Amino acid sequence: MRVYVPLTLSGLAEAHKTGELGTEALTAYAVTPALREWCLSDDIEELEYAALNRAALASLRLLALDPGAPRRRVVVAVDVPDGAATADPDRGLDPAALGEVRVAGPVRLAKAAAVHVDGGDAEADVTAAAGALGAADADDDDAQFVVDGAEDHELLWYATQEIPNLVGLGG
């Protein structure tokens, strides 16, 4: 099963250093029954893209909590055994938790299939969106417009071999 783990560049650097995504159970995003119902689609690529975008929003939330982290959303796509990721059926009813799963951790970074990261052109919009999240969560339409501005940026795809360069460790 493919899951999408939200991180920051600082979190990715830590995972690169330790070789693991987290030390305990991880919150990730995947194609869950609730996400399928919300998307009204059977197209697996469309569903995977929706899960990736849910993880990107969770990454934005991590950035809002860590003002020192570089202002780029990061999502690591990881393949885990079926059954390793479980959705909470009660939380699945919460629109904010669509696609959310818990993965028994830690997960080896070597299991990652790819890394998705904002390009440099997204930094200003991501910075503004991280600052507007609280107001957007309180139903402020102007703040939601700012958050949507970050979502307008597509995450770029990187091979796992590129992680050292992404975290500034490579040449």
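The values are calculated or read from the model by the stated rules, or taken from the named source; none is laboratory data. Every value quoted in this text rests on a predicted model; they were computed, and no experiment measured them. Don't worry about glycine lacking a Cβ; one is built from the backbone with ideal geometry, like all the others, and counts go over all protein chains shown.
Couple of notes before you dig in:
- Screening E37 on (1) assigned to a helix (DSSP H, G or I); (2) in contact (Cβ under 8 Å) with a residue 24 or more places away in the chain; (3) surrounded by fewer than 18 Cβ atoms within 10 Å (Cβ to Cβ) shows it passes everything except condition (2).
- Taking the listed residues R91, R61, the one that is farther than 19 Å from L7 by Cβ and surrounded by 14 or more Cβ atoms within 10 Å (Cβ to Cβ) is R91, with no other qualifying.
- L60, sole failed condition from (1) touching a Lys or Arg at 6+ places or on another chain (Cβ under 7 Å); (2) part of a loop (DSSP other than H, G, I, E, B): (2)
- Taking the stretch 96-110 as the range and being part of a helix (DSSP H, G or I) and within 16 Å of the chain's Cα centre (by Cα) as the test, the residues that pass are A96, A97, L109.
- When D140 is tested against (1) exposed (fewer than 13 other Cβ atoms within 10 Å of the Cβ); (2) farther than 26 Å from R2 by Cα; (3) not hydrophobic (A, V, I, L, M, F, W, C), exactly one condition is not met: (1).
- Exactly one residue out of A51, A30, A25, A15 is surrounded by fewer than 17 Cβ atoms within 10 Å (Cβ to Cβ), in contact with a strand residue (DSSP E or B) (Cβ under 8 Å, 6 or more places away or on another chain) and of a type in the set (A, V, I, L, M, F, W, C): that is A25.
- Verdict on E154 being free of Cβ contacts under 8 Å to residues at least 24 places away in the same chain, surrounded by fewer than 16 Cβ atoms within 10 Å (Cβ to Cβ) and within 19 Å of V76 (Cα to Cα): yes
- Test: D82 is more than 21 Å from V31 (Cα to Cα) and either assigned to a helix (DSSP H, G or I) or at pLDDT below 90 (or both): no
- Test: A50 is at pLDDT below 90, of a type in the set (G, A, S) and under 14 Å from the mean Cα position of the chain (by Cα): no
- Within the stretch 92-117, the set of residues being at pLDDT below 95 and not hydrophobic (A, V, I, L, M, F, W, C) comprises G92, D94, P95, G99, E100, R102, G105, P106, R108, K111.
- Extreme residue, modelled with the highest pLDDT, among residues of the stretch 28-44 that are closer than 11 Å to R54 by Cβ and touching a Leu at 6+ places or on another chain (Cβ under 8 Å): Y29
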